[in-house]
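Scroll down for the structure; my scribbles are underneath it.
The values are calculated or read from the model by the stated rules, or taken from the named source; none is laboratory data. Please read all numbers here as calculations on a predicted model, not as lab measurements. Reconstructed Cβ throughout: ideal geometry from the backbone, glycine too, with neighbour counts over all protein chains shown.
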Amino acid sequence: MSNFNRRQFIKTSSAIAAASALPFPMINIRTAGAQANTVKVGILHSLTGTIAIAEKSVVDAEQLAIEELNKAGGVSGHKIEAVVEDGASDWPTFAEKARKLIEKDKVAAVFGCYTSASRKAVLPVFEKSKGLLYYPTYYEGLEQSPNIMYTAQEASQSVIAAMDWLMKNKGKTFYMIGSDYIWPRTTIKIAKAVLAKGGGKLVGEDYYPLGHIEFSSAINKIKGAKPDVILNCVVGGSNVAFFKQLTAAGITGKNQTVLSLAVSEEEVSGIGADNTVDTLTCMGYFQSLKNPANEKFVKSFKAKYGANRGVGDTLECGYISVHLWKMAAEKAKSFDVEKVVAASSNLEIDAPEGKVKFHAANHHLWKHARIGTFQPDGQVNMIYESPLIEPNPFPKL
Amino acid sequence: MNLDMMAMQAFTGLSIFTILTLMALGLAIVFGLMGVINMAHGELMAMGAYTTYFTSLFFAKFLPGLFGIYFLVGIVLAFFVTFAFGWILERGLIRFLYKRPLDTMLATWGLSLILQQLYRQFINAKEVEVTTVSWLKGAWQVTEGVSLPLSRLFIIGLAVVTAIAVYMFLYRTRWGLRIRAVTQNRPMAGAAGINTERVDAFTFALGCGLAGIAGSSFTMLASTGPTTGQAYIVDTFIVVVFGGVESLLGTIASAFMIGQMQSWFEYSMSGSMARASILLLVIVVLYFRPNGLFATKVRRA
Amino acid sequence: MTTPATSTPATNIRSNLWGVGSYLLLALLLLVVFPLAMDVFRLGLAAKYMSLAFCAVGIVLVWGYGGILSLGQGVFFGLGSYFMAMFLKLEAAANADSSSGTALSAFFGTAGLPDFMAWNSVEVLPWWWEPFHHVSFTILAILIGPPLVAFILGYVNFRKRVGGVYFSIVTLALSAIMAIVIIGQQGYTGGVNGITDFKTFLGMDLDNERAKFVMYFITAGLLLLCVAAGAFILRSRLGRVLVAIRDREDRVRFSGYDPAMFKAFIFAVAAMFSAIGGAMFTIQVGLASPSLVGIVPSVEMVIYAAVGGRLSLIGAVYGALLVGWAKTFFSENFVEYWFYFIGVLFVVVVMFLPTGLAGLLDKVRTRMRRAEG
């Protein structure tokens, strides 16, 4: 009998142990209800994993903007409270965290995502749960969601301008190389269409897996093809390998036109300025731009995060995203997603990249395309600035 | 394809071969001689790369006049740092798992995650820039159409020196004799008065040290960041398994074959397809030669 | 569910009772406690972890009882996940009504085609996509495709006596290849982005609460079914041969069995479990992604099984739930540190709990029994 009791006891206690080992509906220390005069926003980027390299500093820029706004009195008198979540460079995790931010934290807007893949993963979540995402990275276009505001350039806003400029100033034969995923492939597709229209010639096209670090075969092919221009759509850490190996093979900005579409001042700090010197880059924003808004942005970023930190295109877009949301919310006198989106139409901002404004209907910004050469100190010397280009996420090729 | 191109591509193959050899030597020793699978091998390479980075910072600040030689000092330091780390790792973790090789795989995988996050948090989430010393920049212009990057020539030389040193060490020194004795017959070696535990620690640390050398020299070619190790680890494993454990010559031969494949495949098709084809080919070969291309002995498991 | 090392009738009954008891407890937890205690969001998360638990259950079969460590379960999970995604995507494309969807198909003039094909200039649906219009074919493909691949792969390898570490590396290479091929063929697979943005499943809106509950219970039910099926296999003669192979393969071979056949069979079963998990994952999370196919998720699936206990099917489910929950908890509350946590978990479990939580419980049980005298 005592045996039975003992067993019963163990069973019950182990059941309790098992149940308490899984405290699923846990107490979330950050979901405590928002006070009347605060408004919650989400920040959703990869803080860990492979993409954290690029995304962590975007979080810094967004938090800087929030801090600035709070110091100046918040949004319509509401203090902004940021909930930071880690997408962990993993697309399903992005979807999970997006759902958490919208459904549990009830944030008014989310600033986040870097890669297209992460945006594609959260898009259905934002559309179904009626959230609002500000997306700060230049991307391939071909998308227009009612619940996403795109604050960086879509492909046609950089690549078309860059190709036109290159064909006019640098030559007509091109070698295009990219990482193997949607942004480089779409960008190169558009570039090829522009090239064909302008009577140029493609002498080679090559794609390498993301994170690839051996480019000597590609470089040999480039040497054999002798193009006027190398159009570089390699992204992320691969760029370090690509530029180091180009330089080692004797191809530099001095003897070859190389234009990169995914290398900003941020990337150069990892590549090494001496490997990129005199190569070209095409972006919407450079740290070296001369205007009061930019001087203020760069100064306060350095004051907050250290004098050795630099800014780049995506950081600036993340920074203005927060400001654009604030302006739209104040204009709409509401945090309601539909009203904020409606108020964003034609909304103009005096940004570090100059005066830019939202398109009347398609959720993208009118932007300048800027081409510059990298200097020995890693900064960019702008040599061409386009007029404001109308965003067109579905370009006719 | 003209003659110049052929020469360049052949050189590329040679260069990839030596890079793979450097990557795989350390793992081959640990895996082949001890049967331990170290999934953190890539992170140890990153550790070597970071050591070089800090060496360059030190020289830039305190010995700017000697900056030209920092790289050589960095490689030596990278070896000792990873060697020491390997020793601690073996004493603290690996030695408890010798009887469970599959478990070592999981534990070292966990370790690799921890190391990655440590790099990310305490060094930099972004890649750091490791300056290539001026005498290794540029290329050697052999003929008008053929130029060979000095950094790659250096790595070829380094790989040759390292491989010969490892070979001499294992087959011409007392320590090497002890290592081989312990690998072949542990109880007998112990009975003959060899401190087998110390030999284990030393062998493992040696493998880690070689990873450090590899990581240090690759700073000239690729990025140095928290996830750098991940870029190397799959290739490293494939080289070792393809060659067949237990034979260093097998590892070197396999590095040679994979290097050639990579060079010619990448030349003739898109980089992505080349990579998938190589991995597929390796699987097919492993099907016909389950214990690797150059296995000397029949299966052990 | 312990290895019957010294089984007297008495301990057998006892361990049977224990097994059935803990199975019922798991069923109670998944079918009653969770739905009552959690809101829809957390329940969705639980369902997500449950779909990963399918893989862990499979890994217990092949690793714990077959002695084969597969680092390629992500491949089969991925196949199941992509098959389901192809079906859902075709359904979504057929009646696209989201504004982004209409804008796209209007732009490309390719109504009825999945959006990613349109923007990769694939104009005709590839022939191997066609059958995925039908739900019955999709389900058959999930249940038969991955196990078939696994069986063939396993049989040729085991036949050649590729084992141990080598098999692990072969499967590791396989997951790398699969990820690279999926990413490279983005016109047909969605590339890095994967396949996303589904609307309905057989006309049922996937996002309303009722649908979420229904899918939760289907997932839980299937998981319990898989655990039961696994237990059944292990208790059959087949399971005993399997353990015998794991412990002394040569002796089994000398006794006239073909070990390759048995190992390949159990590998195929595990692949089927993983594929079902993958399909459920796609429905729960709303996407199929190459990030679930590659090396990292494949290794993580092994740790689920290791935490729960590599010899316990039920433990594997707890392992997956626990690790999944911990990942979410740590990343929500200690953003910078959850990577450490996962890393330390690997090391600690392997070092101190080689048989996982289930083993720990067994040890406690044995000690208690000994104390009884």
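Annotations for the structure displayed:
- Qualifying residue in the range C:137-150 (condition: assigned to a helix (DSSP H, G or I), at pLDDT below 90 and either buried (at least 24 other Cβ atoms within 10 Å of the Cβ) or of a type in the set (Asp, Glu) (or both)): no
- Condition check for C:Val335: touching a strand residue (DSSP E or B) at 6+ places or on another chain (Cβ under 8 Å) and modelled with pLDDT under 85: yes
- Among residues of the range B:239-293, those that are under 19 Å from the mean Cα position of the chain (by Cα), charged (D, E, K, R) and under 16 Å from B:Thr12 (Cα atoms), counted: 0
- Scan of the range A:310-336 for residues that are in contact with a Pro (Cβ under 9 Å, 6 or more places away or on another chain) and β-branched (Val, Ile, Thr), ordered by number: A:Val311, A:Thr314, A:Ile320
- Cβ pairs under 6 Å, 6+ apart, first in the range C:32-56 and within 10 Å of chain A (Cβ to nearest Cβ), second β-branched (Val, Ile, Thr): C:Lys48/C:Val285
- Test: residue in the range B:166-185 that is surrounded by 14 or more Cβ atoms within 10 Å (Cβ to Cβ), of a type outside the set (Ser, Thr, Tyr) and within 13 Å of another protein chain (Cβ to nearest Cβ): no
- Of all residues in the range B:13-69, those being of a type in the set (Gly, Ala, Ser) and touching a Phe, Trp or Tyr at 6+ places or on another chain (Cβ under 8 Å) number 10.
- Test: residue in the range C:88-111 that is on the phi > 0 side of the Ramachandran plot, out of contact with any strand residue (DSSP E or B) (no Cβ under 8 Å at 6 or more places or on another chain) and at pLDDT below 80: yes
- Residue check, B:Tyr98 farther than 28 Å from C:Ala305 by Cα, within 14 Å of chain C (Cβ to nearest Cβ) and in contact (Cβ under 8 Å) with a residue 60 or more places away in the chain: no
- Residue under evaluation A:Leu142, criteria (1) within 14 Å of chain B (Cβ to nearest Cβ); (2) surrounded by 21 or more Cβ atoms within 10 Å (Cβ to Cβ); (3) part of a loop (DSSP other than H, G, I, E, B); (4) not acidic (Asp, Glu), criterion not met: (1)
- Residues (buried (at least 24 other Cβ atoms within 10 Å of the Cβ) and more than 7 Å from every other protein chain (Cβ to nearest Cβ)) located in the range A:90-107: A:Thr93, A:Phe94, A:Lys97, A:Ala98, A:Leu101, A:Ile102, A:Val107
- Selection count where residues are in a helix (DSSP H, G or I), more than 14 Å from every other protein chain (Cβ to nearest Cβ), surrounded by fewer than 20 Cβ atoms within 10 Å (Cβ to Cβ) and more than 19 Å from the chain's Cα centre (by Cα), scope the range C:205-240: 7
- When we screen A:Ala121, A:Ala152 for residues that are within 7 Å of chain C (Cβ to nearest Cβ) and hydrophobic (A, V, I, L, M, F, W, C), the only hit is A:Ala121.
- Qualifying residue in the range C:199-221 (condition: in contact (Cβ under 8 Å) with a residue 60 or more places away in the chain and within 18 Å of C:Gln73 (Cβ to Cβ)): yes
- Selection status of B:Ala214, within 16 Å of the chain's Cα centre (by Cα), aliphatic (A, V, I, L, M) and under 30 Å from A:Thr276 (Cβ atoms): yes
- Considering residues of the range C:33-77 that are within 16 Å of C:Ala320 (Cβ to Cβ) and charged (D, E, K, R) only, the residue farthest from the chain's Cα centre (by Cα): C:Arg42
Here is a yes/no grid of residues against (1) in a helix (DSSP H, G or I); (2) touching a residue at least 24 places away in the same chain (Cβ under 8 Å); (3) closer than 15 Å to A:Glu67 by Cα:
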site: A:Lys304; (1), (2), (3): yes, yes, yes
site: A:Asn308; (1), (2), (3): no, no, no
site: A:Cys317; (1), (2), (3): yes, yes, no
site: A:Trp325; (1), (2), (3): yes, yes, yes
site: A:Ala328; (1), (2), (3): yes, no, no
site: A:Lys331; (1), (2), (3): yes, no, no
site: A:Lys339; (1), (2), (3): yes, no, no
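- Here A:Val159, A:Val125 are screened, and the one residue that is surrounded by 24 or more Cβ atoms within 10 Å (Cβ to Cβ), touching a Gly at 6+ places or on another chain (Cβ under 8 Å) and either farther than 23 Å from A:Ala61 by Cα or in contact (Cβ under 8 Å) with a residue 40 or more places away in the chain (or both) is A:Val125.
- Any pair with Cβ under 7 angstrom, 6 or more apart, that starts in the range C:11-29 at a residue that is modelled with pLDDT under 80 and ends at one that is outside any helix (DSSP H, G or I): C:Ser15/C:Thr2
- Single condition A:Ala361 does not satisfy, out of (1) over 22 Å from B:Lys126 (Cβ atoms); (2) in a strand (DSSP E or B); (3) small (Gly, Ala, Ser): (2)
- Hey, B:Glu90 within 20 Å of B:Thr183 (Cα to Cα) and at pLDDT 90 or above or not: yes
Residue-by-condition table, conditions (1) on the phi > 0 side of the Ramachandran plot; (2) at pLDDT 85 or above; (3) within 7 Å of another protein chain (Cβ to nearest Cβ):
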position	(1), (2), (3)
B:Glu246	yes, no, no
B:Glu266	no, yes, yes
B:Leu279	no, no, yes
B:Val284	no, no, no
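- Those residues of the range A:47-58 which are at the interface with chain B (Cβ under 10 Å from one of its Cβ atoms) and either in a helix (DSSP H, G or I) or modelled with pLDDT of 85 or more (or both), in sequence order: A:Leu47, A:Ala52, A:Ile53, A:Ala54, A:Glu55, A:Lys56, A:Ser57
- When the range C:154-181 is limited to residues that are surrounded by fewer than 23 Cβ atoms within 10 Å (Cβ to Cβ) and more than 9 Å from every other protein chain (Cβ to nearest Cβ), the one that is farthest from C:Gly74 (Cα to Cα) turns out to be C:Arg159.
- Filter pass, B:Leu111 being out of contact with any Phe, Trp or Tyr (no Cβ under 7 Å at 6 or more places or on another chain), touching a residue at least 40 places away in the same chain (Cβ under 8 Å) and within 14 Å of chain C (Cβ to nearest Cβ): yes
- Failed criterion for C:Leu321 (all others in (1) surrounded by fewer than 23 Cβ atoms within 10 Å (Cβ to Cβ); (2) facing another protein chain (nearest Cβ under 7 Å) hold): (1)
Yes/no per residue for (1) crowded, with 23+ Cβ neighbours inside 10 Å; (2) more than 7 Å from every other protein chain (Cβ to nearest Cβ); (3) modelled with pLDDT of 85 or more:
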{"site": "C:Phe262", "(1), (2), (3)": "no, yes, yes"}
{"site": "C:Gly286", "(1), (2), (3)": "yes, no, yes"}
{"site": "C:Ser298", "(1), (2), (3)": "yes, yes, yes"}
{"site": "C:Val317", "(1), (2), (3)": "yes, yes, yes"}
{"site": "C:Val344", "(1), (2), (3)": "no, no, yes"}
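- When A:Gly87, A:Gly77, A:Gly112 are checked against the criterion of being surrounded by fewer than 24 Cβ atoms within 10 Å (Cβ to Cβ), in contact (Cβ under 8 Å) with a residue 40 or more places away in the chain and assigned by TED's automatic domain parsing to the domain that holds A:Val322, A:Gly77 stands alone in meeting it.
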